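Student: This structure is in structure tokens; I'll ask about it shortly.
Rule-based calculations on the coordinates, nothing more; no lab input. As the structure is a computational prediction, the values presented were derived from the model and not from experiment. A quick note on method: Cβ atoms are made from the backbone with ideal geometry, for glycine too, and the neighbour counts reach across all protein chains shown.
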Amino acid sequence: MFVCGPTVYDQSHIGHARTYLAYDIIARYLRAKGYSVFYLVNITDIDDKIISKANELGQDPLILADRFRTEFLEDMQALGINSVSLYARASEHIPEIIEQISTLINKQFAYQVDGDVFFDVSKFPNYGNLSRQDIDQLIMHRVDPDPRKRNVVDFALWKSQKPGEPAWDSPWGRGRPGWHIEDTAITTTYFGASYDLHGGGLDLIFPHHEAEIAQAEAATGIEPLVKYWIHSGLLTVRGTRMGKSMGNFITIKDALRKHDEEALRLSFASSHYRSQLEFDENHVAQADQILERLRTVYNQFRSLLATSKQASEPTANSLRKLISQAKTQFDEAMDDDFNTPRALAAMIGFAKNVEPYAIHDLNRELVVEVMNLFSYFGNVFGILQSKGTAIENAFESLLSMVLSIRDEARKKADWETSDMIRNSLHQLGIIVEDSADGVRWHLKHAGERSA
């Protein structure tokens with residue numbers, strides 16, 4: 001699985017977050033279903049935008065790119081995106097890029113003009129098939145018309161060095177690679193001529209992904225380059241696509257200062273990855289509430305792990321039926337083009353349906369089955385993860401200490417202190433039950449009355 005990575009000339013924004021969170025969930029799910037997934041993301045650290053920004057700031061382009069590459073990786077880690085097997089930098093694959101360009105020239109799919117090399121689109125009849133465009137009607141994209149080109153839609157594979165630009169030696173003189181060739185040189189290096197999944201934003205279909213197909217299939221002679229294309233929708237803010245010039249640029253760092261990263265994950269996952277999504281603070285707040293409910297029910301069952309009670313047969317059968325149904329609903333949703341909104345609905349429904357069972361007598365085996373399904377959901381969506389573990393452990397340690405004080409009071413027949421602690425905990429939403437097997441507690445669920 002390959003996903004087009006960022007061009008690192010500035011801080012990453014929540015549009016990047018939406019894109020890479022979608023593919024993180026896809027990779028997580030495929031692994032959960034037993035697939036071995038090599039997930040590759042490129043990092044464009046050589047590009048016109050980087051050079052322009054570096055010149056504006058009076059910095060070395062490669063140093064600037066490395067700084068923002070580091071910040072991007074930090075943002076990915078902060079979002080809990082840990083499914084990527086390898087981040088491959090374009091600047092570290094110059095020999096592979098030069099080799100692929102040389103192959104295209106030798107096969108007469110590319111031509112040299114001065115120190116530049118262009119791909120000859122007229123030699124590749126399938127150009128435009130992915131984006132369903134007629135090559136005769138295609139217009140220039142990203143670059144200005146160049147009279148040296150054979151066709152107006154031909155694109156650069158190698159660009160000759162201009163003053164102040166980073167450059168490498170090549171058979172065509174010192175220069176740097178074009179944008180499109182970086183990706184195919186990287187993917188053929190690690191995947192070979194053909195691979196399974198390719199992701200990226202809808203805005204990359206033309207010309208970027210069309211160029212990738214043309215370059216790779218022309219160079220290797222093998223098609224298809226990609227078996228399944230998975231394009232994610234764009235993120236808008238106040239009705240327009242995010243951009244600094246529009247005044248609606250929200251960095252990932254700023255978003256994480258305001259929101260729990262797991263709430264952001266749920267907020268984005270509540271819409272299908274292909275859809276255009278409007279970023280809404282209220283939507284994230286709603287996702288935060290959903291996340292809190294899921295955590296609450298999950299922790300209610302965690303508190304029952306030490307139970308030694310035996311569930312009645314009807315209770316056990318009913319609970320196992322809910323577990324089976326929820327797992328089936330979740331998997332059917334994800335198998336349907338990774339339909340995360342439906343999968344999320346299955347997760348929420350499961351939490352609502354099993355919460356009443358948290359006050360039943362349940363044996364450890366049943367509790368573990370419930371928690372295993374929560375863990376399965378959580379691992380796919382990247383929620384209910386370790387971030388809250390320290391807080392949860394501190395909470396449970398503190399509660400254990402309070403219950404120990406109450407137990408000492410009971411041993412001394414200090415019923416006033418014992419009842420005061422119990423009632424205070426109930427008011428906080430922590431239900432304490434005394435039984436022959438010892439003290440049990442759970443968080444109060446909706447509709448349950450405190451003593």
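Student: Output the relative contact order of the chain, whole-number percent, from Cα pairs under 8 angstrom with separation of 6+ residues. Write down the numbers at each step before the final one.
Tutor: Details: 638 pairs, mean separation 65.2, N = 451.
Reported as a whole number, the value is 14 percent.
Student: For Lys107, which lysines qualify as cross-link partners when the Cα separation must be under 17 Å and same-chain residues fewer than eight apart are set aside?
Tutor: Straight-distance partners of Lys107: Lys123.
Student: Can you list residues whose amide H is under 5 Å from Asn42's amide H, if they're 5+ apart or on another chain and H is modeled 1.01 Å from N?
Tutor: Placed amide hydrogens put Val3, Gly5, Ala88 under 5 Å from Asn42.
Student: Out of region 210-241, which trypsin sites (Lys or Arg not before Pro) are coil in DSSP terms and have no more than 12 other C-beta atoms within 10 Å?
Tutor: Numbers: sites: Lys227, Arg238, Arg241; in loops: Arg238.
When the trypsin sites (Lys or Arg not before Pro) of region 210-241 are filtered for loop state and at most 12 Cβ neighbours within 10 Å, Arg238 remain.
Student: Considering only DSSP states other than H, G, I, E and B, which trypsin sites (Lys or Arg not before Pro) in region 44-108 qualify as loop sites with at most 14 other Cβ atoms within 10 Å?
Tutor: On the way: sites: Lys49, Lys53, Arg67, Arg69, Arg89, Lys107; in loops: Lys107.
Filter output for region 44-108: Lys107.
Student: Calculate one ³J(HN,Hα) per residue across region 325-342 by plugging θ = phi - 60° into the Karplus curve 6.51 cos²θ - 1.76 cosθ + 1.60, and present them in order as whole Hz with x for glycine and proline.
Tutor: Working through the residues one at a time gives 4, 5, 4, 5, 4, 5, 5, 4, 5, 5, 6, 8, 6, 6, 7, 5, x, 5 Hz.
Student: Follow-up question, since we're still on this one. Taking square-rooted eigenvalues a ≥ b ≥ c of the alpha carbon gyration tensor, is the chain rounded, prolate or oblate, where a/c under 1.5 means rounded and, failing that, a/b exceeding b/c means prolate? Numbers along the way, then the final one.
Tutor: Values: a/c = 3.11, a/b = 2.42, b/c = 1.28.
Because a/c hits 1.5 or more and a/b exceeds b/c, the chain counts as prolate.
Student: Placing unit charges on C-beta atoms (Lys and Arg positive, Asp and Glu negative, everything else neutral), compute the dipole magnitude of region 137-236 about its Cα centre in debye, rounded to 20.
Tutor: Details: 9 positive and 13 negative charges, 74 e Å.
Computed about the Cα centre, the dipole is about 360 debye.
Student: Give, rounded to the nearest 20 debye, the magnitude of the charge dipole that the chain has about its Cα centre when Lys and Arg contribute +1 at Cβ and Asp and Glu contribute -1 at Cβ.
Tutor: Details: 48 positive and 62 negative charges, 146 e Å.
Roughly 700 debye for the chain.
Student: A follow-up question, please. Once the piece of chain linking Ser397 and Asn282 is laid out straight, how much longer is it, given 0.36 nm per residue of separation minus the C-alpha distance between them?
Tutor: Numbers: separation 115, 0.36 × 115 = 41.40 nm, distance 3.38 nm.
Between Ser397 and Asn282, full extension yields 38.0 nm more.
Student: At a 10 Å Cβ-Cβ cut-off, how would you order Glu355, Glu292, Glu182, Glu99, fewest neighbours first? Before the final figure, lay out the partial values.
Tutor: Working: Glu355 20, Glu292 12, Glu182 29, Glu99 15.
Ascending number of Cβ neighbours within 10 Å: Glu292, Glu99, Glu355, Glu182.
Student: Could you work out the relative contact order of region 1-147? I mean the mean sequence separation of Cα pairs under 8 Å and 6+ apart, divided by the number of residues, in percent. Walk me through the intermediate numbers first.
Tutor: Working: 140 pairs, mean separation 34.6, N = 147.
Worked out over region 1-147, it gives 24 percent.
Student: Run lengths n ≥ 4 of DSSP H only: what is the helix-derived mean residue ellipticity at 222 nm for the chain, with -39500 (n - 2.57) per run over all residues, to the nearest 500? The partial results should precede the final answer.
Tutor: Details: 14 runs with 214 residues, N = 451.
The helix-only estimate for the chain comes to -15500 deg cm²/dmol at 222 nm.
Student: Give me His13, His93 sorted ascending by neighbouring Cβ count inside 10 Å, so fewest comes first.
Tutor: Least crowded to most crowded, the residues run His93, His13.
Student: Next up: Pulled fully out, how much extra length does the chain show between Leu428 and Ile63, if you take 0.36 nm times their separation in residues and subtract their Cα-Cα distance?
Tutor: Extra length available between Leu428 and Ile63 comes to 126.1 nm.
Student: Return the sequence-ordered ³J(HN,Hα) values of region 204-218 in whole Hz as given by the Karplus equation 6.51 cos²θ - 1.76 cosθ + 1.60 applied to θ = phi - 60°, using x for Gly and Pro.
Tutor: Per residue, the Karplus-derived 3J(HN,Hα) values read 9, 4, 10, x, 5, 6, 4, 5, 4, 4, 4, 4, 5, 5, 5 Hz.
Student: Counting other Cβ atoms within 10 Å, keep those with at most 15, restrict to DSSP loop, and tell me which trypsin sites (Lys or Arg not before Pro) in region 145-212 are left.
Tutor: Arg148, Arg150, Arg174
Student: A further question follows. How large is ³J(HN,Hα) for each residue in region 417-426, as worked out from phi by the Karplus curve 6.51 cos²θ - 1.76 cosθ + 1.60 (θ = phi - 60°), to whole Hz, x for Gly and Pro?
Tutor: Listing the rounded values in order: 5, 4, 5, 4, 5, 4, 5, 5, 5, 4 Hz.
Student: Say each of Lys227 and Glu313 gets a label point 7 Å from the Cα, pointing the same way as Cα to Cβ; how far apart are those two points in nm?
Tutor: 4.7 nm
Student: In what order do Glu96, Glu71, Glu416 fall by count of nearby beta-carbon atoms within 10 Å, going from fewest to most? Working shown, then result.
Tutor: Numbers: Glu96 20, Glu71 17, Glu416 9.
The fewest-first ordering by Cβ neighbours comes to Glu416, Glu71, Glu96.
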